[in-house]
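The values are calculated or read from the model by the stated rules, or taken from the named source; none is laboratory data. This one's a predicted model, so the numbers in the text were calculated from it and none came from an experiment. Counting neighbours? That spans all protein chains shown, and the Cβs are built from the backbone with ideal geometry, glycine included.
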Amino acid sequence: MNAAKWRRAMNTGPTTGPTRPLPRAATQPAKPAPDPYADSSAPRWLKALWRTVSPRHVFVLALLLLVPFVASPFVTYQVAAQSLILGLIALSLSFLAGYGGIVSLAQMTVAGIAGYAVAVLGASGTASSLGWHWGLVVPLALLIAVVCSTLVGWLSVRTDGIYTIMITLAIGVAFYYLVLQNYSVFNGFQGFQKVYPPTVWGISWRSPMPFYFLCLFWALAGYFAIQWLVRTPFGIALQGTRDNARRMNSLGFNVTATRVLAYAVSGLLAGVGGVLLVWYNGLISPGSVGTGWLINVLVIAVLGGMKHPIGAFLGAIVFILLQTFAIDLIDRERFNLVIGGVFLAIVLFSPDGLLGLWAKLRMHFGPSQVLTSTTQRR
C-alpha cells in the first residue's frame with residue numbers, strides 16, 4: 001500500500017451520520033496578536049516591562065501608593081511594610097520552587113546572613129560592630145548573601161525532593177546554632193540592638209511612611225525582575241530543568257549551573273529582604289533565624305501560591321494579619337495553631353494556594369461559566 005492509499009484509509013472510518021466540513025477558522029492556525037511595541041525605538045528592557053504590566057498591575061499599584069495616606073502609622077509600618085518584607089523573602093522561595101522545582105528551607109537563613117552582615121559591619125548598640133558607612137555596608141551584605149546562597153545551591157542541587165529540603169534545613173539549623181553560640185562575631189543569644197536605617201537626604205527612613213515606600217520600591221523591583229527573568233533564556237531553561245532535567249541535560253544545558261544560578265538570584269532577593277527586616281525590627285538575634293522562621297517562609301509561600309510571584313506577597317499579608325490581630329481572639333501561644341489550621345485548609349482545598357482558590361472560583365462563577373450554562377440551556 002502506497003502513501004496515498006494509506007492516508008485515504010486513515011481518513012475513512014465508520015460514521016454515524018453525515019459529516020460537515022470544519023469551518024475555515026477551525027482549520028487555520030490562530031494568528032498571534034500583533035505586538036504594539038514591535039516598532040518602538042525604546043530599549044528592550046522597557047519593552048519587556050510594557051508587556052509585563054497590565055491594567056490590574058496599575059490598579060494594585062495605585063492602591064499600594066494610597067495605603068500610607070489612608071491608613072494609620074501602625075497599619076502602614078507593622079502590617080503593610082512587614083508584609084512587603086516577608087513577601088520579598090518568600091518570593092525568593094517561590095522563584096526557586098515555582099520555576100525551578102527546588103524547595104529550599106534556607107531562604108530565611110540567607111536573609112539572616114544579610115541582616116547580620118549589616119549589624120556587624122554597620123553601626124549598632126553593640127561595641128563589636130565595625131561602624132562602617134551604610135553605603136558600603138549594604139552592598140557588602142547583599143554580596144555576602146548571594147555568595148552564601150550560591151554555596152547552599154552548590155551543596156544541594158545534586159539532590160532532589162526531600163533530600164534538598166533536609167540539606168537546606170540542616171544548613172539553617174547549623175547557622176542558628178552558630179550565631180547562638182558565637183560571641184566574638186555574632187554576640188551570642190543577645191544579638192545586635194539599635195540597627196536602624198540611615199537618614200538620607202534629610203529623610204529618616206525609620207519613619208513609617210518613608211520606610212513603607214522603601215519596602216514598596218524593593219518589593220516591586222523584585223516582583224518585576226522575576227516576571228522579566230522567567231521570560232529570558234535563563235528562565236526558560238530553569239523551567240525546563242524543573243519539568244525534565246534529564247532531557248535538558250541531553251540537549252546540552254548545564255542543569256547544575258542553571259540551578260546554582262537560580263540560588264544566586266534567590267539569594268539576592270532574600271538578601272534585600274534581610275536588610276529591610278533588620279532595619280524594620282531594629283535588631284537581629286538568633287531567634288530571627290530560628291527553625292520557626294524557616295518554616296514560616298515556606299508557609300507564606302504555600303499560602304499565596306508558589307507558582308505565582310504575586311502569591312508570596314498575598315501569603316505574607318494573610319500571615320501578618322493573622323499574626324497581628326489573632327491575639328485579640330486567642331492567646332498568643334496558640335498562634336501557630338491558627339496558622340497551621342489555615343495552612344491545612346488552603347492546602348486541602350487548593351494546592352496552588354489562595355490564587356489557585358481564586359482561579360477555581362472564577363472558573364465556576366465567572367462570566368465564562370455563566371455563558372456556558374446559558375448555551376447549554378439553549
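Tabulated data for the structure shown
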read-out: Residue within the stretch 239-257 that is more than 21 Å from Leu140 (Cβ to Cβ), at pLDDT 90 or above and crowded, with 24+ Cβ neighbours inside 10 Å present; value: yes
read-out: Single match in Val230, Val289, Val272, Val265 (criterion: in contact (Cβ under 8 Å) with a residue 24 or more places away in the chain, surrounded by fewer than 18 Cβ atoms within 10 Å (Cβ to Cβ) and aliphatic (A, V, I, L, M)); value: Val230
read-out: Selection status of Tyr196, over 24 Å from the mean Cα position of the chain (by Cα) and either in contact (Cβ under 8 Å) with a residue 24 or more places away in the chain or within 30 Å of Arg259 (Cβ to Cβ) (or both); value: yes
read-out: Some residue of the stretch 184-197 being of a type in the set (Phe, Trp, Tyr), loosely packed, with under 13 Cβ neighbours inside 10 Å and closer than 30 Å to Thr76 by Cβ; value: no
read-out: Residue count, the stretch 61-118 (criterion: β-branched (Val, Ile, Thr), outside any helix (DSSP H, G or I) and buried (at least 24 other Cβ atoms within 10 Å of the Cβ)); value: 1
read-out: Of all residues making up the stretch 279-327, the number that are at pLDDT 85 or above and at positive phi; value: 1
